[in-house]
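Here is the structure we will look at, set down as structure tokens.
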């Protein structure tokens, strides 16, 4: 006899793994990015702010914090019954 394959249906929000922590990290990333653009706009064209600080903050926001917020998963803890 052939084994029947089961179809597993995943609905849109059943497999949703984002938690409150993911959204908080994402919010921090957005704040870093927005603050970097504000710092860049406040400085002169050739200033240390516009050429060094703001690009570093943008790099950290876009390429470090936002991806971490998307892939972060909390560890599941199991309680042992005594």
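Read the figures in this text as sums done on the coordinates, not as results from a lab. Being a predicted model, the structure only gives us computed values, none of them experimental. Virtual Cβ from ideal backbone geometry, glycine too; neighbours counted across all protein chains shown.
Could you calculate the FRET efficiency of residue 21 with residue 41 from 1/(1 + (r/R0)^6), where r is the beta carbon distance between them and R0 is 35 Å, rounded to 0.05?
Numbers: r = 31 Å, r/R0 = 0.88.
So the FRET efficiency works out to roughly 0.70.
Run the simple label-point estimate for residue 56 and residue 73 please: 7 Å along Cα→C-beta, distance reported in nm.
Placing both labels 7 Å along Cα→Cβ, they lie 3.4 nm apart.
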